1. With n ≥ 4 as the cut-off for DSSP H runs, can you work out [θ] at 222 nm for the chain, using -39500 (n - 2.57) per run divided by the number of residues, rounded to the nearest 500?
2. Under 19 Å from a label point 7 Å along Cα→Cβ of Asn209: give me every residue in region 310-350 with its amide N that close.
3. How much length would be gained if the chain were fully extended between Ala450 and Cys376, taking 0.36 nm per residue of separation minus their Cα-Cα distance, in nm to one decimal?
4. Can you pull out the GluC sites (Glu not before Pro) in region 358-436 that DSSP calls coil and that have at most 16 other Cβ atoms within 10 Å?
5. With θ set to phi - 60°, apply the Karplus curve 6.51 cos²θ - 1.76 cosθ + 1.60 along region 151-162 and write out the HN-Hα couplings as whole Hz, x wherever there is a Gly or Pro.
6. What angle do you read, to the nearest 10 degrees and between 0 and 90, between the alpha-carbon axis of helix 348-357 and the longest principal axis of the chain?
7. What ³J(HN,Hα) values, in whole Hz, does the Karplus curve 6.51 cos²θ - 1.76 cosθ + 1.60 give for region 328-342 when θ = phi - 60°, with x put for Gly and Pro?
8. Magnitude of the Cβ-charge dipole of the chain, K/R +1 and D/E -1, about the Cα centre, nearest 20 debye?
Amino acid sequence: MKAGFDTLIRNATVVTPQSVAPLDIAITNGRIAALLAPGTPAMARDIIDARGLHVLSGAIDIHCHVRAPAFPERGTVESETRAAAAGGITTLFEMPISKPCCNTAERVILRRDHFAASALVDFALYAAPADLSPHAIEASVNAGIVAFKIFTTAAPAGREDEFAGLAIPDEGQQLATLQALAKTGLPVVVHAESEPLLRYFQARGRGLNPSLATTHNALRPPVCEAVAVAKLLTLNMEAGAKLHIAHVTSALTVEVLRRFKGTSDFSAETCPHYLIRTVSDIQAAGVFGKINPPVRDHADQEALWSALADGTITHVTTDHASFAHAEKQAHLGDFPNAPPGAPGLEILVPSMLDAVAKGRIDLKRMTELLSGNAACRFNIPDKGSIRLGADADLMLVDLSARTQIEASRLFTHARDVAHLYDGAEFQGRIDRTILRGMTVYRAGEITGAAGRGRYIEPTPVSPARAVA
Ligand SMILES: [Zn+2]
């Protein structure tokens, strides 16, 4: 008789890297202490009866914009990590866009402490590589950042301080940045759209009706993304960085990724809005559904699903980016000038459970896309899968129940701009989210405490090897 576990989850079907099978999960000190044959006699302080439920590794959202400590009117660490907990996300990676931009080790540390004070889930931080001096890069790495982020676009007008050190439209600078960051061994995540092509299409698109979502697409068509990605992948054959392409939207970019396969160390992600929404859904949501790069067409969706199936794209992320209602409202009917971004923390997991129900992906692939691949690519080995010794970051899901998205009942502070999924229905529902053994969400209620989320630092790795 095994004695003394903290928690025992009984009667569940458990999704591990090896199998989807009935197992009992024993948790002690926040870690998975044993995976037992169902019904194995064991003692624990708490028993969770998970009959009828599946247990999956908690999601790791590698692309999130809380923006704190800036812009509390858009949401706070507490409000948005509550949303994460409700959405089955046990670790989120916060992007560096803030005011000021998170582009020095000192700012990383201030942000780390700000997040640690009120996060309900674990978190990691990106930095922008403002200063490419070895000293500045080393200081950011030593501050425990999980990766670097850059844009190939210019800073949006009026938001220069939010993008300082982040916006690198010049190709020479992109190459220098990839070369400098390759030495760290950390991933370099890139928002890839070609600045010269954006300018070209902007000039050509003058006179288009600004109230149409198709105009937003005409100003930023797939070729802008695909060209930027092709150039980055070419630069990376020279630089040898550990490159990651953020939010792939289009069939054209999927084709580019396939053609460059094997030429350097790169990976790519997409998001639910590119997988299950089209430009007509964006039109229905108005500027509340405006996201950069734009949501495309049905044919692009199909290409993205096939890229998930064949491993061309290995991550699905939220790109959660909330705005205050007044900020979107000020640009009603004006797609070119409305701020880009929409809330997604409570959509990611239900939308992927729905994809499982529809036979698009299976449960194993879903956990790879939402957690396993992230833990591996970003070197956070305690996370990402259900196995002995790993952090007990779990979601208990009911595949037979449905999730009804009602914007007004979301936990995100940005619920009043969450028009894109208002009224959506997904097959599958999150019953419970567990962070390092603690239940942080259960059946519609947040049970986690602010400040229990921990700063997650990657395990140091040797630099990526130049392929060329
Ligand atoms: Zn983003």
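1. Helix contribution divided over all residues of the chain: -8500 deg cm²/dmol.
2. 331-338
3. Taking Ala450 through Cys376 to full extension adds about 23.9 nm, to one decimal.
4. Glu406
5. Result, rounded to whole Hz: 10, 8, 9, 6, 4, x, 3, x, 10, 4, 5, 6.
6. Helix 348-357 sits roughly 70 degrees off the main axis of the chain.
7. Rounded to whole hertz, the list is 6, 4, 5, 10, 4, x, 10, 4, x, 9, 5, x, x, x, 8.
8. Here the size comes out at about 540 debye.
The numbers here are math on the coordinates, done by the rules we state, and not lab data. Being a predicted model, the structure only gives us computed values, none of them experimental. No Cβ is skipped: glycine too gets one built from the backbone with ideal geometry, and neighbour counts run over all protein chains shown.
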